[in-house]
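Some notes on the structure that comes next.
The values are calculated or read from the model by the stated rules, or taken from the named source; none is laboratory data. Note that the structure is a prediction, hence the values are computed from the model and not measured. With ideal geometry, Cβ positions are generated from the backbone for all residues, glycine too; neighbour counts draw on all protein chains shown. Side chains included, ligands, DNA and RNA excluded: accessible areas come from the protein's heavy atoms. Shrake-Rupley method; radii C 1.70, N 1.55, O 1.52, S 1.80 Å.
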Amino acid sequence: MYAVFRSIGAYIPEKILTNSDLEQMVDTTDEWIFKRTGIKERHIAADNETTSDLGVRAAELAIERAGINSSDIDMLICATISPDYFCMPSTATIIATKLGLDKVTSFDLSAACTGFVYALSVARAFIESGMKKNVLIVGAEKLSAITDYTDRGTCILFGDGAGAAVISASDDKTHAIIDIHTGSDGAYADLLMSPNGGSGSLHDDPLKESACFMKMKGNETFKVAVRTLTSDVVAILKENNISSSTIDHFIPHQANYRIIKAVGDALNMEERQVVLTVEKYGNTSGASIPMAINDIYESGRLQHGDLMLLDAFGGGLTWGSALVPFGGKGK
Ligand code: ACO
């Protein structure tokens with residue numbers, strides 16, 4: 001059996017938080033934010049909207065576009081660092097119930113901004129082993145719930161949203177997922193973490209609302225991000241004997257325009273190959289790559305058989321890349 005990336009969907013919450021809005025909240029400027037990150041605005045979920053609500057909206061579209069019934073889904077993975085509940089139940093089980101899937105294998109996956117690529121690799125493994133046939137992978141984040149809006153080093157970066165994809169079994173290799181890399185190095189854990197939200201928290205009250213706020217050493221993270229993202233995509237292209245010029249869509253995690261530009265330049269990517277959504281969505285962690293794929297689907301740029309190169313990096317530290325032909329129908 002081969003694993004085919006069959007469909008994509010996304011949900012972007014209505015409310016927009018602009019750089020000018022942030023100027024009223026912390027000591028920053030629109031000019032600084034745009035120059036250093038490429039971000040103009042980000043979307044923020046409503047108070048009564050949870051991460052699972054965002055995930056369900058994206059999943060419904062992905063299922064419809066895959067041309068299957070939700071009852072055909074036999075596994076659901078939700079990549080998130082902002083789950084509805086931190087311990088249990090998993091956000092995946094909540095999404096499954098809201099979709100009417102009552103007997104599906106479902107679980108959350110924690111790999112921060114690399115979560116979607118990790119979920120893709122797990123889906124592929126279950127399908128290629130013959131254990132599952134249609135795996136729904138969801139990247140969903142309500143990062144506004146774990147963002148400290150008094151910390152200008154992080155609050156300018158993050159937004160909310162969700163993306164989802166159906167990965168299906170096929171005996172035809174033509175548009176099968178070609179390769180996926182995943183890796184991690186916990187020695188860099190302190191660069192980006194929510195230090196107070198769990199059993200590792202020795203000082204703060206892990207139950208207080210701010211316990212899960214993200215803290216980041218931005219500048220150090222930036223340097224490791226450029227180095228790791230570049231070396232990983234160079235390796236996956238080389239191992240598969242694929243030239244960067246044959247990639248139709250280079251879809252990196254949308255954290256910072258300068259990181260994307262540095263990696264794109266190192267790969268000699270042309271502007272038309274690089275997918276950019278960071279300006280309008282900011283960094284949506286596990287949702288960023290599927291939201292970007294959905295963007296090129298919605299605009300009609302993503303066509304059947306197009307070759308996508310995914311590249312992600314995030315807290316953990318974690319990283320991953322994937323060579324994925326689009327096995328669905330273009331819009
Ligand atoms: N507005 C104005 N000034 C600011 C702001 C702000 N919002 N934030 C920081 N500054 C100041 C700093 O205080 C510093 O001032 P100083 O020179 O007087 O000390 C100056 O700007 C430069 O700060 P740096 O942190 O060096 O700025 P940098 O150019 O590195 O940009 C940024 C910061 C945007 C956070 C960048 O480092 C970055 O994007 N890092 C990587 C993020 C990332 O990829 N994370 C991984 C994925 S996220 C996940 O997994 C959830």
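Looking at the chain, the DSSP beta bridges with both ends there are about 70 percent antiparallel. For q values of 0.19, 0.21, 0.26, 0.35 Å⁻¹, compute log₁₀ I(q)/I(0) with the Debye formula on a Cα-only model of region 14-54, without solvent. Log10 I(q)/I(0), no solvent term: -0.61, -0.69, -0.84, -1.15. As a fraction of the 1.4 Å probe accessible area of region 116-180, surface on carbon and sulfur atoms comes out at 50 percent.
Determine the dipole magnitude for the chain: charges of +1 sit on the beta-carbon of Lys and Arg, -1 on that of Asp and Glu, nothing else is charged, the reference point is the Cα centre, and the result goes in debye to the nearest 20.
Details: 29 positive and 42 negative charges, 120 e Å.
That gives a dipole near 580 debye.
Of all the options Asp311, Asp185, Asp30, the one that moves most in a Gaussian network model of the chain with Cα springs shorter than 10 angstrom is Asp185. With 31 Å as the limit, the listed pairs Lys98/Lys329; Lys133/Lys223; Lys98/Lys132 have Lys133/Lys223 beyond it between alpha carbons.
In region 267-331, which GluC sites (Glu not before Pro) fall in coil by DSSP and have 12 or fewer other Cβ atoms within 10 Å? Provide the component values of the computation, followed by the final result.
Details: sites: Glu270, Glu271, Glu279, Glu298; in loops: Glu270.
Listed in order of number, the matching sites are Glu270.
Excluding ligands, DNA and RNA, the accessible surface per residue across the chain is 43 Å² with a 1.4 Å probe.
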